[in-house]
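The block underneath contains the structure these notes are about, expressed in structure tokens.
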Amino acid sequence: MYPDIRPHEARLNVTWRGQNGDLIDPVPYSASDRQLKRWAQEAIEHGGISGIGRRGPISLRDFVVDRFPASATTPFNRIFIRPKTPFG
Amino acid sequence: MSAPYRIVIVGAGALGSHLLLLSRNLPGQLTVIDFDRVERKNTLSQFHSRMGLGRNKAAALQQAMQGLFGIRIQAVPHRLTADNAAALLSGADLVVDCVDNAPTRALIQSVVRESDIACLHGALAADGSYARVMWDEVFSIDAGGEGQATCEDGEHLPFIAVVAARMAMAIQRFLRDGEKCSVHLHPGGILTL
């Protein structure tokens, strides 16, 4: 999985209703939040993310996009699309 | 920093109350801050019992920890505000954010950054589908939460307990090794950052 993520790319991970998975292909790290959400939304709707069951129409409008650059422990960029977490 | 540590937990609701339960073996003085009172609905998703109904949450936990385990903790039955935050947090070795609203998280973040205090944040999605256990260096505050009801029927209790356990593990690891491990959690697994 992701053998060749280049420096300008990122692994995109999505959590939707408690299910979680990665988009098959890397995405540009500089892609806009809106674009990333659109790719993730369409992938979920068509069963394109392993780990997330195929869904009908969904919305990621209220979701958050987090970006984490490559580090010593994770040698590639990562982007997470996730629900808001305001509670404690 | 050396033991005994001064650990301040802000928020004694779902995460804070369970975290306290799981932190009873930590080598330090535990302080809990919360202004809220225990209601019947809280007993389904928080470590509060019928014995605490109507009491301040911090005071109720103080009594519970003393009664159940013989452990003394400090209870601060007040709301954290801009006027008292520095005084309540600045002497801590570690601050743990378990609150349910963005303004208070921002206040905590401001104080710990200004005073260079280690800070662990716990944050839950409303539907119990996701959580973050993150050190302040990588934590971003999500808007929302104020006045919203969440988990009043206890549906998410097991997940809340898992998240609180991860927080306790992160604290143990930090106190033992100085390592700051942040994670995302969903009901099916954990993602390490």
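Per-structure values
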read-out: Residue under evaluation A:L12, criteria (1) surrounded by fewer than 18 Cβ atoms within 10 Å (Cβ to Cβ); (2) in contact (Cβ under 8 Å) with a residue 24 or more places away in the chain; (3) not small (G, A, S), criterion not met; value: (1)
read-out: Cβ pairs under 7 Å, 6+ apart, first in the range A:70-86 and open to solvent by 50 Å² or more (accessible area, probe 1.4 Å), second not in a loop (DSSP other than H, G, I, E, B); value: A:A70/A:N77; A:K84/A:V64
read-out: Subset of the range B:178-193 that is open to solvent by less than 50 Å² (accessible area, probe 1.4 Å) and either in contact with a helix residue (DSSP H, G or I) (Cβ under 8 Å, 6 or more places away or on another chain) or touching a residue at least 24 places away in the same chain (Cβ under 8 Å) (or both) - its residue that is farthest from the other protein chains (Cβ to nearest Cβ); value: B:V183
read-out: Qualifying helices (runs of 4 or more DSSP H) (wholly inside the range B:51-157; at least 3 residues being more than 15 Å from B:L30 (Cβ to Cβ)); value: B:85-89, B:102-115
read-out: Residue in the range B:1-29 that is nearest to B:G52 (Cα to Cα), counting only those that are of a type in the set (S, T, Y) and over 11 Å from the mean Cα position of the chain (by Cα); value: B:Y5
read-out: Matching entry among B:N25, B:N56 (being surrounded by fewer than 16 Cβ atoms within 10 Å (Cβ to Cβ) and either at pLDDT 95 or above or not acidic (D, E) (or both)); value: B:N25
read-out: Qualifying residue in the range B:140-152 (condition: within 7 Å of chain A (Cβ to nearest Cβ), among the acidic types (D, E) and either over 18 Å from A:R82 (Cβ atoms) or in contact (Cβ under 8 Å) with a residue 40 or more places away in the chain (or both)); value: yes
read-out: The range A:1-49: number of residues that are of a type in the set (S, T, N, Q), within 12 Å of chain B (Cβ to nearest Cβ) and more than 10 Å from the chain's Cα centre (by Cα); value: 1
read-out: Within the range B:86-129, considering residues that are open to solvent by 20 Å² or more (accessible area, probe 1.4 Å), facing another protein chain (nearest Cβ under 8 Å) and not aliphatic (A, V, I, L, M), the one farthest from the chain's Cα centre (by Cα); value: B:D127
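The values are calculated or read from the model by the stated rules, or taken from the named source; none is laboratory data. Given the structure is predicted, the values throughout are model-derived calculations rather than measurements. All Cβ positions, glycine included, derive from the backbone under ideal geometry; neighbour counts span all protein chains shown. Note: accessible area is taken over every heavy atom of the protein model, side chains too, but ligands, DNA and RNA are not part of it. Shrake-Rupley method; radii C 1.70, N 1.55, O 1.52, S 1.80 Å.
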